[in-house]
Amino acid sequence: MSLLPISSPVAVRRHAIHLTKRFRPDILQMLALYAGASAAALVGPWVVGQLVEHALDHSLTPSIITELTASLILSSLGNTVLNYFARRRSYVLGERVFATLREEFLASVLRLPLITVERAGTGDLLSRTTNDVEALSRTVRFALPEWTVAIVQTLLTGVAMLIAGPLVALAALVALPLLTLSTKRYLNFAGPGYTRERIAYATLFGSISEAAEGARTIDALRLNRRQRMRVESNINETFLSEMYTLSMRLWWFPITEANFAFSVATTLLWGGWLYVHGHVSVAAATAVTLYVVQLTDPLDRVVAWLDELQVGQVALARLIGVAEVTDSRDASDESPSGERIVIEDVRYAYRKDHDVLHGVSLTIEPGERLAIVGPSGAGKSTLGRLIAGIDVPREGSITVGGVSIANLPLASIRTHVALVTQEHHLFIGSLRDNLRLADTDASDEQLIAALEAVDAREWATQLPEGLATELGTTGYTITPAQAQQIALARLVLANPHTLVLDEATAMLDPRAARHLERSLAAVLEGRTVIAIAHRLHTAHDADRVAVVINGRIAELGTHEELLLHNGEYAALWRSWRSEGSVNS
Ligand code: ATP
């Protein structure tokens, strides 16, 4: 299993800059509003400083009190109103940025080559679409806006301190070296720590969903103990990785808190000393000390949200990493002339140096029905998947109408060749949505005609709301056979000239299978059909039969020719017949 890529910190930064540029006007407006709100909040300490000053030199008059109180009320009002608009704007911006990221992520997931998803395992992708999207949403919706506010407040308070009493403000600097050092150290360890945590979640998620999906196989092969141990070891790794990040927060948070308290005390002492020795006014000493107290809150938030930002950065690296998957296909704009499929000396390996196809060559004429038979593990499904363009051969080529399938863009490949397996999916949405996946522009008449072609019109039009009936887990429940008919109707709409069938009806109960075979026969009409045959009567009815043994085509010919040849196929046929007579 090879996990999907994770973007490098440089790529994450580049992406963040790109997003910032895209939303620049909104960001600037938001910053201006926050700056206004923070500036208004700075009036308070200055007013208190003035009050103390006037009180001490006995110059406090009712008019001064009125003036100072009025400016306090006005600044509080200004702060409240500006804060309201700034927050509103920043949350809306957060939602928009998050929506953009989610859309970009979804687009790159949908572009992923199927083979990459299979190799990475669904756990990794599921964890990214759930845990990481969730983590990123917290960062973009809350952490980033809160952080921005806190940074703006910190900077402006720093400026106000310098204006009110630069000499007094010097004292606040004593906290800086320890704060910078401890934060730097924390960040050095936090990044890898959070990456490890996210990977541990993904692996745990994968092993749990695998255990649930493959429960029957695990039971049948008595792998319960092994699977439980695997899940337990993954839980253990998740626990350890969480403990690691927690322990880092445990030493870092107290250091920063102590730092804040220390700097308030130092400023008070230093300001007092400067005042007693006549270097500064009492107003300056009071205001700066109050600013340092006021600074604790935004700085605290800068520190607290930094943690969430780290998680968000890791989640973003995992989400945009999906877009870094390179397609092994090399799409060109050549369009096939004709429908002939030519397979030339194809070799393919799932694992390096372990070829499962060893030089397969075969030409399939338009309209031909070819059956591929052979023992289990011979490479039939692999060949079928290559013909359907799900992956590209390691060596050799497969062309349709003279163009390599590997060069057909993903968007158009399904209009040439489609793979039909026993798996079919019903998506949450209406019957119309489910059908239109194959052809987004299809009209209702075309959808009904496709349903008619697979003998599904009758039940489909009797659904409570016809084509608008909601299907899927939360909607109207239909039978597995009906779901498969919808999948077949999609094929009619996609209208590929060639179909590769891999056990398309094997999972269904015999009564439904017979009905479905009729629907399938209608879809096959007029198309080239490559059927991976597990029941040899399919081979009997085919124009030609290819016998695949150990990744090679051992025999090729009509059913009669191969029986006459009396080789592998004749042996398979005899054993299948005798099994059939024993079973019946
Ligand atoms: P069956 O009739 O049992 O489906 P098949 O003839 O279709 O078998 P394939 O499924 O193509 O055979 O498998 C060919 C070989 O490739 C087998 O040895 C199989 O173990 C191996 N193989 C198939 N899929 C994978 C995979 N995803 N990763 C690694 N090896 C694989």
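The values are calculated or read from the model by the stated rules, or taken from the named source; none is laboratory data. These numbers were taken from a predicted model, which means no experiment stands behind them. We place every Cβ from the backbone using ideal geometry, glycine too, and count neighbours over all the protein chains shown. For accessibility, only protein heavy atoms count, side chains too; no ligands or nucleic acids. Shrake-Rupley method; radii C 1.70, N 1.55, O 1.52, S 1.80 Å.
Laid out as a table, the results:
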| quantity | calculated |
| --- | --- |
| Qualifying positions in the range 523-551 - over 16 Å from Gly367 (Cβ atoms) and in contact with a Leu (Cβ under 8 Å, 6 or more places away or on another chain) | Ile532, Leu536, Val545, Ala546, Val547, Val548, Gly551 |
| Among the residues listed as Ile27, Ile6, the single one being at pLDDT 85 or above, surrounded by 18 or more Cβ atoms within 10 Å (Cβ to Cβ), farther than 25 Å from Thr154 by Cβ and not acidic (Asp, Glu) | Ile6 |
| Subset of the range 361-372 that is among the hydrophobic types (A, V, I, L, M, F, W, C) and away from the ligand (no atom under 12 Å from the Cβ) - its residue that is nearest to Leu563 (Cα to Cα) | Ala371 |
| Residues that are modelled with pLDDT of 80 or more, within 20 Å of Glu503 (Cα to Cα) and among the hydroxyl-bearing types (Ser, Thr, Tyr), drawn from the range 535-574 | Tyr569 |
| Filter result (free of Cβ contacts under 8 Å to residues at least 40 places away in the same chain and among the β-branched types (Val, Ile, Thr)) within the range 354-381 | Thr363 |
| Any hit, the range 500-521, residues being modelled with pLDDT of 80 or more and of a type in the set (S, T, N, Q) | no |
| Qualifying residues in the range 471-492 (those that are open to solvent by 20 Å² or more (accessible area, probe 1.4 Å) and over 29 Å from the mean Cα position of the chain (by Cα)) - the one farthest from the ligand (Cβ to nearest atom) | Ile478 |
| Helices (runs of 4 or more DSSP H) contained in the range 516-584 and holding at least 2 residues within 16 Å of the ligand (Cβ to nearest atom) and either open to solvent by 50 Å² or more (accessible area, probe 1.4 Å) or not aliphatic (A, V, I, L, M) (or both) | 568-583 |
| Where Gly338 falls short, out of the listed (1) open to solvent by 20 Å² or more (accessible area, probe 1.4 Å); (2) out of contact with any Pro (no Cβ under 8 Å at 6 or more places or on another chain) | (2) |
| Test result for Glu53, at pLDDT below 85 and under 22 Å from Ala39 (Cβ atoms) | yes |
| Subset of the range 454-468 that is surrounded by fewer than 14 Cβ atoms within 10 Å (Cβ to Cβ) and of a type outside the set (A, V, I, L, M, F, W, C) - its residue that is nearest to Arg518 (Cα to Cα) | Glu458 |
| Test result for Gly206, surrounded by 11 or more Cβ atoms within 10 Å (Cβ to Cβ), touching a Leu at 6+ places or on another chain (Cβ under 8 Å) and in contact (Cβ under 8 Å) with a residue 24 or more places away in the chain | yes |
| Residue list for the range 373-413, filter: open to solvent by 40 Å² or more (accessible area, probe 1.4 Å) and either under 13 Å from Glu344 (Cα atoms) or within 16 Å of the ligand (Cβ to nearest atom) (or both) | Pro375, Ser376, Gly377, Ser381, Arg385, Arg394, Glu395, Gly396, Gly402 |
| Helices (runs of 4 or more DSSP H) lying entirely in the range 133-226 (those with 2 or more residues that are within 28 Å of the chain's Cα centre (by Cα) and within 30 Å of Ala107 (Cβ to Cβ)) | 133-138, 144-164, 175-213 |
| Residue in the range 105-122 that is crowded, with 21+ Cβ neighbours inside 10 Å and closer than 17 Å to Ala323 by Cβ present | yes |
| Residues of the range 274-288 classified as open to solvent by 20 Å² or more (accessible area, probe 1.4 Å) and under 27 Å from Glu257 (Cβ atoms), total | 1 |
| Which listed residue is modelled with pLDDT of 85 or more and either within 22 Å of Ala287 (Cα to Cα) or of a type in the set (Phe, Trp, Tyr) (or both), from Thr100, Thr80 | Thr80 |
| Evaluation of Ile151 against (1) surrounded by fewer than 20 Cβ atoms within 10 Å (Cβ to Cβ); (2) within 29 Å of Ala40 (Cβ to Cβ); (3) touching a Leu at 6+ places or on another chain (Cβ under 8 Å) (one fails), failing number | (3) |
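Results for (1) farther than 30 Å from Leu383 by Cβ; (2) touching a residue at least 24 places away in the same chain (Cβ under 8 Å); (3) in contact with a Gly (Cβ under 6 Å, 6 or more places away or on another chain), shown as yes or no for each residue.
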{"site": "Ala418", "(1), (2), (3)": "no, yes, no"}
{"site": "His424", "(1), (2), (3)": "no, yes, no"}
{"site": "Leu431", "(1), (2), (3)": "yes, yes, no"}
{"site": "Ala438", "(1), (2), (3)": "no, yes, no"}
{"site": "Asp441", "(1), (2), (3)": "yes, no, no"}
{"site": "Leu447", "(1), (2), (3)": "yes, yes, no"}
{"site": "Ala456", "(1), (2), (3)": "yes, yes, no"}
{"site": "Gly466", "(1), (2), (3)": "yes, yes, no"}
{"site": "Thr479", "(1), (2), (3)": "yes, yes, no"}
